[in-house]
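Q: Before anything else, here's the structure in question.
The values are calculated or read from the model by the stated rules, or taken from the named source; none is laboratory data. In this text the structure is predicted, and so the values were computed from the model without any measurement. Virtual Cβ from ideal backbone geometry, glycine too; neighbours counted across all protein chains shown. Ligands, DNA and RNA are stripped out before the accessible areas are found, and what is left, the full protein with its side chains, is counted by its heavy atoms. Shrake-Rupley method; radii C 1.70, N 1.55, O 1.52, S 1.80 Å.
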Amino acid sequence: MKKSLSLLLLSLLAFNCSNPKQENKYKKEIEQLKAVRDSLVQVEKDRQANSEAEIATFLTFQNNDAEQAMNFYIELFDNSKVLSLQRWEKGGQGKEGTIMHASFVLNGNKYMCSDSPPIHDWDFTPAVSNFVECKDQQQLEGLFTKLSAKGSVLMPLNNYGFSKMFGYVQDQFGVSWQLNLD
């Protein structure tokens, strides 16, 4: 595109030099083309700046089960996949073969995770959860059943007045999920 604009500008300048009557008209057109180019350059800069400021949920696992959790979540949600995966190597800070860092997408939303080598005094808490707006009751009940298996139900499926159906669970990995049907 930049090359095409440059050729167009050169063509206009060449024609402009051979036709002095049109000089002001072409100068104006050249300025307009430069403004369009500058606008497109700014759009690209804004796009790059926004992609650099991306926000993703990061899950820190302390039981060497980050990969198991990530694969479990990917199986539950459409439009989900692993983007990248780095493992701890022999002699590294973490247990060999566990996840040093992984990026994945759940239904179009980016997540990251790792198996933490040190065991921290903190862990997942229900105060921070993933909120899922379900498309229908079947999806809601299916997610509720699968996510609460080997986990715990914080709020059973019910109509609490703010939606048709709502449930709050903490899964087997300690991650909390609010499941909603409007």
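Q: Under the Karplus relation 6.51 cos²θ - 1.76 cosθ + 1.60, θ = phi - 60°, what is the ordered set of whole-Hz ³J(HN,Hα) values for the stretch 65-75, x standing for Gly and Pro?
A: Working through the residues one at a time gives 10, 4, 5, 4, 5, 4, 5, 4, 5, 4, 5 Hz.
Q: While we're on this one: In the stretch 68-182, with Lys and Arg counted as +1 and Asp and Glu as -1 at Cβ, which of these residues, A149, G97, Q137, has the Cα nearest the positive end of the dipole, that is, farthest along it?
A: Of A149, G97, Q137, it is G97.
Q: Note the full-extension length gain between Q178 and E141 as 0.36 nm times their separation in residues minus their Cα-Cα distance, in nm to one decimal.
A: 12.1 nm
Q: Length gain on complete extension for the stretch K28 to S163, per 0.36 nm per residue less the alpha carbon to alpha carbon distance?
A: Residue separation times 0.36 nm, minus the Cα-Cα distance, leaves 42.8 nm.
Q: I'd like the Karplus ³J(HN,Hα) series for the stretch 99-114: coefficients 6.51, -1.76, 1.60, θ = phi - 60°, whole numbers in Hz, and an x wherever there's a Gly or Pro.
A: Coupling constants for the stretch 99-114: 7, 6, 7, 9, 10, 8, 10, 10, 6, x, 9, 7, 10, 9, 7, 7 Hz.
Q: What does the charge count near Q62 come to, summing +1 for each Lys or Arg and -1 for each Asp or Glu among other residues with Cβ under 12 Å from its Cβ?
A: Once all neighbours under 12 Å are counted, the net charge is -3.
Q: Provide the per-residue ³J(HN,Hα) series for the stretch 143-151, in order, calculated from phi with Karplus coefficients 6.51, -1.76, 1.60 and θ = phi - 60°, each as a whole number of Hz, with x at glycine and proline positions.
A: The phi angles translate into 5, 4, 5, 5, 6, 7, 4, 6, x Hz.
Q: Whenever you get a sec, line up W122, W177 from highest to lowest accessible area (probe 1.4 Å, protein heavy atoms).
A: The residues order as W122, W177, largest area first.
Q: Quick one: which residues, 5 or more positions from L59 or on another chain, have an amide H under 5 Å from its amide H? H modelled 1.01 Å from N in the peptide plane, none for Pro or chain starts.
A: M112, C113, S114
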